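Let me begin by presenting the structure, written as structure tokens, before commenting on it.
None of the figures in this text is laboratory data; all of them are computed from the coordinates on show. Computed from a predicted structure; not experimentally measured. No Cβ is skipped: glycine too gets one built from the backbone with ideal geometry, and neighbour counts run over all protein chains shown.
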Amino acid sequence: MIGGAQTHRLADGGLIDRSVPLSFRFDGKTLVGFQGDTLASALLANGIKLVGRSFKYHRPRGILTAGSEEPNALVELRSGARREPNTKATTAELYDGLEAASQNRWPSLNFDLMSVNQLFAPIFVAGFYYKTFMWPAKFWESVYEPMIRRAAGLGRAAGVSDPDHYDKAWAHCDVVIAGSGPAGLAAALAAGRSGARVILCEEDFVLGGRLLADGGTIDGLPAAEWIARALGELSAMPDVRIMPRTTLFGVYDGGTYGAIEKVNDHL
């Protein structure tokens, strides 16, 4: 059966391509999803709901949202020198061979010894360590600080030099648009038709924003058809640049915007 034991997968629908199964690993277990999945949707399709532990008390945490606002499903991607901690599973595009691991647990996600912290919640108030670990003073560097540092944090940094190289570039436009929802696409169409140079950035790998989930009609067309027509028209405009998998992260002096584009894993 194509797709393996995806026990929680709907029989049809969605924005995935069921003819293209993708194999991936989570916490050492091999699983299968489909092209168009995020890591989060693939995990849910395989019946995996526990994906992490809370920072302080190590309480069980599942997937709460479907986008970049996700507070719980923070995972490590890849391993070795390319390990990338604290990646949101809801924004990680599934690809064949993806390797992911849960964080903030020991020795395992289902059996986390640090969850004993829940029993001490009444005394683990904010800043308790500033009063608790003051005496004896000589214990701070030898015992207290190493213990706290070992327990603190979420993901693990690679600890070795990054073997990859990163390009940077300057692009110029009259209008930059963040997001490809109905407002973003309509703005891009209006600006593009006026002859303006346009850059449309979308952090997701599929364009359409909330229309992908909400549906409905625009200009008398079903949402999916309107998106397809809008993207077709924008793609034909020579001065419009569409950049999926690209997140605008800052606005700076002089009308300068910072963006980061993902170009590797999905390939």
**Report entry** Two-site label geometry, residue 8 and residue 113: point separation in nm, points 7 Å out along Cα→Cβ
**Finding:** 2.9 nm
Query raised in the report: In terms of Cα to Cα distance under 17 Å, which aspartates and glutamates are near enough to residue 29, apart from those fewer than 8 places away along the same chain?
Result: 76, 96, 99
**Report entry** D (Stokes-Einstein, µm²/s), Kirkwood Cα radius, the stretch 17-101, 0.890 mPa s at 25 °C
**Finding:** 190 µm²/s
Query - Length-normalised contact order for the stretch 175-261 - Cα pairs under 8 Å, 6+ apart - percent - result: 30 percent
**Report entry** Between helix 223-235 and the chain: long-axis angle, C-alpha atoms, 0 to 90°, nearest 10
**Finding:** 70 degrees
Report summary line: For residue 131, the lysines lying under 30 Å Cα to Cα, once residues fewer than eight places off in the same chain are dropped, come out as 56
Query raised in the report: GNM on the chain, C-alpha springs below 10 Å: top fluctuator among 28, 155, 208?
Result: 28
Query raised in the report: When the dipole is taken about the Cα centre of the chain, and only Lys, Arg (+1) and Asp, Glu (-1) are charged at their Cβ, what size is it in debye, to the nearest 20?
Result: 1180 debye
Requested in this report: For residue 213 paired with residue 193, estimate the spin-label separation in nm (one decimal), with each label point 7 Å from Cα along the Cα-to-Cβ line.
Outcome: 2.9 nm
Report task. Kindly express, to the nearest 10 degrees and within the range 0 to 90, the angle between helix 182-193's C-alpha long axis and the longest C-alpha principal axis of the chain. Result -> 40 degrees
Query raised in the report: Of 118, 35, 103, which is the most mobile in a GNM of the chain whose springs link Cα atoms less than 10 angstrom apart?
Result: 118
Query raised in the report: Percent relative contact order of the chain, based on C-alpha pairs within less than 8 angstrom and at least six residues apart?
Result: 13 percent
Report summary line: Per GNM of the chain with C-alpha springs under 10 angstrom, the most fluctuating residue out of 87, 132, 246 is 132
Report summary line: With Rh as the Kirkwood radius over Cα pairs, the stretch 119-203 has Rg/Rh of 1.36
Query raised in the report: What residues from the stretch 101-117 fall in the zone where the backbone N is under 20 Å from a label point 7 Å along the Cα-to-C-beta line of residue 260?
Result: 101-104
**Report entry** Partner lysines for residue 168 [C-alpha distance under 25 Å; skip if fewer than 8 residues away on the same chain]
**Finding:** 88, 262
